[in-house]
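This report refers to the structure that appears directly beneath it.
The values are calculated or read from the model by the stated rules, or taken from the named source; none is laboratory data. These figures come from a predicted structure and were not determined experimentally. Here the Cβ positions follow ideal geometry from the backbone for every residue, glycine too, while neighbour counts run over all protein chains shown.
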Amino acid sequence: MRIRIRYRKLGKVRFTSHRDMARCWERALRISRLPIATTEGFSPRPKMHFGLALSTSHESMGEYLDLDLRDPESLEVDLAELPGRLSAVLPDGVDIDAVAIIDRSEPSLQEAVTSCAWQIEVPGVTAEELRPAVDRVLSASALPIVRERKGKPVSDDLRPGIVHLEVLDADPDDLVSTGAVLSAELATQPRSVRPSELMAVFDPPLTEGRVRRIHQFIHVDGATREPLPPGAPAMVPTSVGAP
Amino acid sequence: MLARVSKPARYIGMEGGAQRPEHAPHKVAWLLAYPDTYEIGLPNQGLQILYEILNERPDAVAERTYAPWYDLEELLREHEIGLFSVDTHRAASDFDLIGFNLSAELTYTNLLNMVDLAGVPVRSADRRADHPLIAAGGHCTYNPEPLADFLDLVVLGDGEEVVAEITEVVGEWKADARRRGDRTSVLHALAGISGVYVPSLHRPRYDGSTFLGLEPIVAQAPALVEKRTIADLAEFPYPRNQLVPLTEVVHDRLNVEVFRGCTRGCRFCQAGMITRPVRERPAEQVRSMVADGLRRTGYDEVSLTSLSTADYSGIEQLVADIVDADGDGPSITVALPSLRVDAFGVGIATQLQHARRAGLTFAPEAGTWRMRQVINKLIREEDLYSAVEAAFANGWRRVKLYFLTGLPTETDEDTLGIAELARNCIEIGRAHTRAPSVTVSVGGFVPKPFTPFQWFGQNTVEELQRKINLLRDATRRMHGVQVKWHDPKATLVEGIMSRGDRRIGDVLETVWRRGGTFQEWNERFDLPLWLDAMAEHGLDPDWFTHRHRTAEEVLPWDHLSAGLHKDFLWQDWRDALAEVGLPDCRWTPCYDCGACTGYSIEHIVASATPPAGGSQGTGQDLGSGWTPVQLRRPTSDVVSA
Ligand code: SF4
C-alpha cells in the first residue's frame, strides 16, 4: 500500500538540509515501527519517495512524501492516528497534517507537481516600493538568465516559469516581517524555478529574507489540484511572517 | 543570520534527547563546550554524560556549544554577537562555568577563540567575578600547562562525580561572595576538591632556563593533584538519552561504552595508562542500554565503545545477544571500534556478519615483532593474519590497518615491516575475494605525558616524512594496498603541546591572535605560524619535542597524578629499550603501577574468564604456555614506590 503524507517544516528546523530530513525520516520510521516496505538486497532501505527538495533554511506548509507499507500488515495501520504518531517522533517543527492512500500507478511527486506557491520576505523595502518592480517583471516579454548546466553556462528565459507574482498587503499584526512580502507561484516543469532565481531577475536584484513554500500544485488538463487525492483534509496556509 | 552560513543545522540544537534546560538564579549554569565543529564535538560521550548528570541535578543546568565555523564567526564579530549555546541560543557569558572537553592538542587555539567570542578575557588573570569560570577536562588535561594561563580550573580523570562537587562550590560562591565581586575565594575552594587543579594557584620555579617544578602558593592547593576515578561504571548508565543530531556528525550511531580503562600496557598509549583500572559495564546493562537506545533513537547501528572492545569479557556472547534481540526488527549493524587483532576471533567475525557489515580496522601499530615488543603491543604476526583471514573469510573485502611511525628505536626494517604485513594481508585476502583491499594508515608518534615514552625525543618532521616516503615507495607496486598518513608537520605541533610547559601559552595566544584557529583541519593548518610564534617568544621546538629527557628532569606535569608511579613508568621505559614486555594485569598478577593500589580500587570485569583465542596481549599462546618474549614478572624487579 502506498500512502502520501503532507507535512509542514517550520521554525528552526528549516536549517536542516533535504538530506538531513531524509535521515530524520528514516530514523522516525524505525522508531515508529510502521511496517515499511524495504528494498531488496544486502543493505535494505525503507521505500520512501520524496517530493521536490526544499532548500536549506526555507520553510514549508506543504511538503510531500510517499511511503510504501508492507502488505498485508499495512491493513492494520490506523491512518487516522498516523499524523500524530509520526509527528511525535519527528523533530519539532515537522508536523504531519494529512495522510491518504494513493494508487501505486500515480506518477511520482517529482513528475506530477507542476508548480509551487511561495511567500518570500523582502527585507528593507515597503510594499509600495516593490509594486512597480513586480509590474516590470510581469510585463517583461522575456527574462533572460544564465544558469549552470553540467558545468556549462546556458541561457534560459525565466518569464514562462513565473505563473503568478504579487506583493502582499502588509499585515498590520505581523511584527516578525521586516519588509514586503512577495507571493509567487513558480513552475517546477519543465524545470524548477527557485525563489533565488526570481529574486535575481529584479532590477536591482532583491535579497530574500525568510522564504516559505505555501503549497504545491498539479495542473492537468486545465484543472488544478494538490498532490493529495480529493477528499483529503485541506491545508490552512499561514503567511511567511507568522511564527 | 544562520541562513547566510554553511551548514546552519550545526547551530540549532533540537537533537533527539536534548534536555530542556531551565535556568534559575539558584542554579549553577554550565555551558559544556567542545573546541571543534559541531560534527566532531556533538558525539563526544564525555560531554553528553555530564550534560545529563548536570541537568538531573536540582541545583544545576547545562547547555552545549561548539566552535562556530569561521563563516559564522565573521558574522558574529561583525554584528558584535557573542558565542551562544545551541540549546536555547543563550549568550555564553550568561553561564557560570564554561567547561571544555580537551581531546586534541590542535584544538587549543579554538578554545582561546571561543573564550574570546564569549566576551571573556582569554587570560584568567584578567577575569572578574562576573565572568564565567573557564574549566577543562578530557585526556589532554594530563598536561594542561600550555593552557595554564587561560584556564581557571582543570579536572583530571572521570568527571561523573566531581562535577557535583564543583557545582556545590560554585553555587555557594554565586549566592554570596560573587555578589561582592570576589573571585579568589571560589578558586581557592575549587582547588580543595580532589581531582581539580587550579593553575593560577601553582607557581613555576626555574633555575635559569631549567624548570624546577610547580608549587602551590596557597594552603588549599595540594602539592600533588590526583585524578578522579569512578569505581564502578554500572552506577553511571549514561548517556541515557544519547543525542540524535538532525544533521550528519562523526560516529553517527548509537554508542554504548562497555568499559573504561585498559591494562594491555601499550607504552605509547596515554588513554590506556591514564584511565586505569579496567571497569567493565555489566553485560545485562549493556544489553538494555543497547535495546533502549535503538528503540528510542531509531539508529540502525550501535557501536560498543572502549579502548579495546574485543577485550570485553564475554564479548562474543554480548554481540550475539544484541544481534538476536533485534531479530524481528530491521537489521542492525554492530561496530566494534579499536579491535585488537589477537582478540578478533572467528567467533566474533561470524557474530558480526549477522549484522550488516561495518568496516574493520585493526591496529598492529608497528611492523615488526621487535618493534611491537618495544611498544608492548604483544601481538604476533600470526594473530594479525588469523584475524585478517577471519575477516576476509567472513565476507569483508576491505581491511584497514593502523600503524605508528617514529617510535623509539625504530629502524627502516621496522618501517618496511609495515609494507610486508600489508602484502601478506592482501595475499590472505586473495584466497577469499577477487579484489581485497588493505588500507595502511600511518600516524606520527607523539610522546604523551604519563606514559613510559614521556622521556622519548620525538622524530623530526623530516625523519617522519622520510619514513612515510620509504613506506610509500615500498607499497607502490602492491596491488590493493593504499597508504594514508597524518601530516608530520601537524605531528610536530602536537608534540610541542603534548609536553610543553607554561611558556607555550604565549605561543598559543600569538597563533590564535593571528587567526590560527581550526588547526586540526588540514586546509587551515599553518606550520609557519607556529614556528614564527615559537621563535618570537624565544622558544625552541627542538628542545620541547626532539630531545630525550633524563630521569632527573622535572616534567611540567609532575605536580599532577594519574595514579601511575613515576618509577614504574621509568622502569617500563627502560624495559621498552631492552625489548622486555609487560603482561596484562587483568589476567596476571598486579605489578603495582599505582593506578588501583593508590586509590584502593580494582578492575571490575563482567565475566571471570579471559576472552578466548589469540595471545591476549601477553605474547604467549595461552593454550600451550609458549612465551616468545621475556616478560617482566610482577614484583620481582619492578621498583615500587
Ligand atoms: S595497580 Fe596493578 S592491577 Fe591496577 S592497573 Fe596497575 S598493575 Fe594493573
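Here are the numbers for this structure:
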| item | result |
| --- | --- |
| Of residues in region B:550-570 being within 24 Å of the chain's Cα centre (by Cα) and more than 16 Å from the ligand (Cβ to nearest atom), the one farthest from the other protein chains (Cβ to nearest Cβ) | B:558 |
| Test: residue in region B:22-32 that is within 14 Å of chain A (Cβ to nearest Cβ), of a type outside the set (Val, Ile, Thr) and touching a Phe, Trp or Tyr at 6+ places or on another chain (Cβ under 8 Å) | no |
| Complete set of residues in region B:571-599 that are near the ligand (Cβ under 7 Å from one of its atoms), touching a Leu at 6+ places or on another chain (Cβ under 9 Å) and of a type outside the set (Phe, Trp, Tyr) | B:593, B:594, B:595 |
| Search result, residues across region B:568-601 that are touching a residue at least 40 places away in the same chain (Cβ under 8 Å), aliphatic (A, V, I, L, M) and assigned to a loop (DSSP other than H, G, I, E, B) | B:580, B:582, B:595, B:601 |
| Residue B:194 being assigned by TED's automatic domain parsing to the domain that holds residue B:55 and in a loop (DSSP other than H, G, I, E, B) | yes |
| Residue in region B:209-217 that is more than 14 Å from chain A (Cβ to nearest Cβ) and either assigned to a loop (DSSP other than H, G, I, E, B) or within 16 Å of the ligand (Cβ to nearest atom) (or both) present | yes |
| Verdict on residue B:296 being touching a residue at least 60 places away in the same chain (Cβ under 8 Å) and either within 16 Å of the ligand (Cβ to nearest atom) or within 22 Å of the chain's Cα centre (by Cα) (or both) | no |
| Selection from region A:122-172 of residues that are surrounded by 13 or more Cβ atoms within 10 Å (Cβ to Cβ) and in contact with a Ser or Thr (Cβ under 6 Å, 6 or more places away or on another chain) | A:123, A:163, A:166, A:168 |
| Residue check, residue A:117 away from every other protein chain (no Cβ under 14 Å), among the small types (Gly, Ala, Ser), touching a residue at least 40 places away in the same chain (Cβ under 8 Å) and surrounded by fewer than 20 Cβ atoms within 10 Å (Cβ to Cβ) | yes |
| Residue in region B:600-618 that is farther than 15 Å from residue B:273 by Cα, within 11 Å of the ligand (Cβ to nearest atom), at pLDDT 75 or above and not β-branched (Val, Ile, Thr) present | yes |
| Residue satisfying all of: in region B:272-293; hydrophobic (A, V, I, L, M, F, W, C) and either touching a Gly at 6+ places or on another chain (Cβ under 8 Å) or within 16 Å of the ligand (Cβ to nearest atom) (or both); nearest to the other protein chains (Cβ to nearest Cβ) among these | B:283 |
| Extreme residue, nearest to the other protein chains (Cβ to nearest Cβ), among residues of region B:256-271 that are closer than 16 Å to residue B:227 by Cα and more than 10 Å from the ligand (Cβ to nearest atom) | B:260 |
| Listing of helices (runs of 4 or more DSSP H) fully contained in region B:352-456 that carry 1 or more residues being farther than 30 Å from residue B:333 by Cα | B:369-374, B:412-430 |
| Strands (runs of 3 or more DSSP E) contained entirely in region A:1-104, each with at least 2 residues that are surrounded by 17 or more Cβ atoms within 10 Å (Cβ to Cβ), away from chain B (no Cβ under 14 Å) and more than 14 Å from the chain's Cα centre (by Cα) | A:2-9, A:58-68, A:94-102 |
| Qualifying residue in region B:343-366 (condition: modelled with pLDDT of 85 or more, closer than 27 Å to residue B:464 by Cα and in contact with a Ser or Thr (Cβ under 9 Å, 6 or more places away or on another chain)) | yes |
